Amino acid sequence: MKIDFILNRKDVKVDCPPEKRLIDVIREDFKLMMTKNSCYRGECGSCIVQIEGAPVPACQVPIFSIRNKQILTIEGFSGTEKYLDIITAFKEANCMPCPFCFAGKVFSVDSLIDGRRSPSTTEIMSLLSEHPCECTPTSRFIEGVKIAYQNREIRGELLK
Ligand code: FES
Ligand code: FES
């Protein structure tokens, strides 16, 4: 089956079985390897991409369902101001994610802080529970998300 969609702001086409998962299309057909595949059950968050602006685990998405939709992977998100809000905050708080959880955490944090009021500690801990990680202290991650929010607020992109 031929499927047209928009990947990282470019019109693309893929020809594959309709049930092939988006994560496999991204990695195998487009060689975008920063989106990781691990559990294939929608539980680890390592395969998250944005579909029409919302974070979604790509391992749960059959390719036929994304016809004509906008997909943004971490490669397409990197370098944007929104991406830099988060990355500079992670550096400052010393909680930079490893390659395994990087895309998922960045997209989840982006969704949490975008266009809203400051996230609470409870909300941040809830987000973290969706990204199993034993290598980063929770307190540093909470600080990183709060700095990311401040960075976005300074750029005037948030509600007052
Ligand atoms: S590989 Fe998709 S959530 Fe784990
Ligand atoms: S920093 Fe990636 S799993 Fe802990």
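Every read-out reported here was derived from the displayed coordinates using simple, explicitly stated rules and does not represent laboratory data. For clarity, every value in this text was computed on a predicted model and none was experimentally measured. Positions of Cβ are generated from backbone atoms using ideal geometry, with glycine treated the same way; all protein chains shown enter the neighbour counts.
Could you name the aspartates and glutamates in cross-link range of LYS105, using Cα to Cα under 19 Å and dropping any fewer than eight places away on the same chain?
Cα-Cα hits under 19 Å: GLU43, GLU52, GLU75, GLU81, ASP85, GLU92, ASP114, GLU123, GLU130, GLU134, GLU143.
What FRET efficiency do you get for GLN70 and GLN150 if R0 is 35 Å and r is their Cβ-Cβ distance, rounded to the nearest 0.05?
Result of the calculation: an efficiency of 0.80.
Going by how many other Cβ atoms sit within 10 Å of their own, how do PHE64, PHE5 line up, fewest first?
PHE64, PHE5
I need the calculated FRET efficiency for the pair GLU43 and THR88, taking r as the beta carbon distance and R₀ as 22 Å, to the nearest 0.05.
According to the calculation, E is roughly 0.15.
Expressed as a rounded percentage, what relative contact order does the chain have, with Cα pairs under 8 Å and six or more residues apart?
Relative contact order, the chain: 23 percent.
Using Cα atoms only, what is the angle between the long axis of helix 81-92 and the major principal axis of the chain, expressed in degrees (0 to 90) to the nearest 10?
Between the helix axis and the principal axis of the chain, the angle is about 50 degrees.
If each of MET96 and GLN60 carries a label point 7 Å out from its Cα toward its Cβ, how far apart are those two points in nm?
3.0
Gaussian network model of the chain, Cα springs within a sub-10 Å range: biggest mean-square fluctuation belongs to which of LYS31, LYS82, LYS146?
Looking only at LYS31, LYS82, LYS146, the biggest GNM fluctuation is shown by LYS31.
Can you list the lysines whose alpha carbon sits under 21 Å from that of LYS2, skipping same-chain ones fewer than 8 residues off?
LYS10, LYS13, LYS20, LYS31, LYS69
Cα axis of helix 102-113 to longest principal axis of the chain: angle in degrees, 0 to 90, nearest 10?
Here the helix axis deviates by roughly 60 degrees.
Any idea what diffusion coefficient the chain gets from Stokes-Einstein, in µm²/s, Kirkwood Rh on alpha carbon pairs, 25 °C, 0.890 mPa s?
153
What are the residues whose amide H is under 5 Å from the amide H of VAL49, where those residues sit 5 or more places off or on another chain and H is modelled from the backbone?
Result for VAL49 returns VAL56, ALA58.
When Lys and Arg each count +1 and Asp and Glu each count -1, what net charge do the other residues less than 14 Å away from GLY42, Cβ to Cβ, add up to?
Its environment carries a net charge of +1.
Arranged by the count of other C-beta atoms within 10 angstrom, fewest first, what order do SER108, SER65, SER38 take?
In increasing order of surrounding Cβ atoms, one gets SER65, SER38, SER108.
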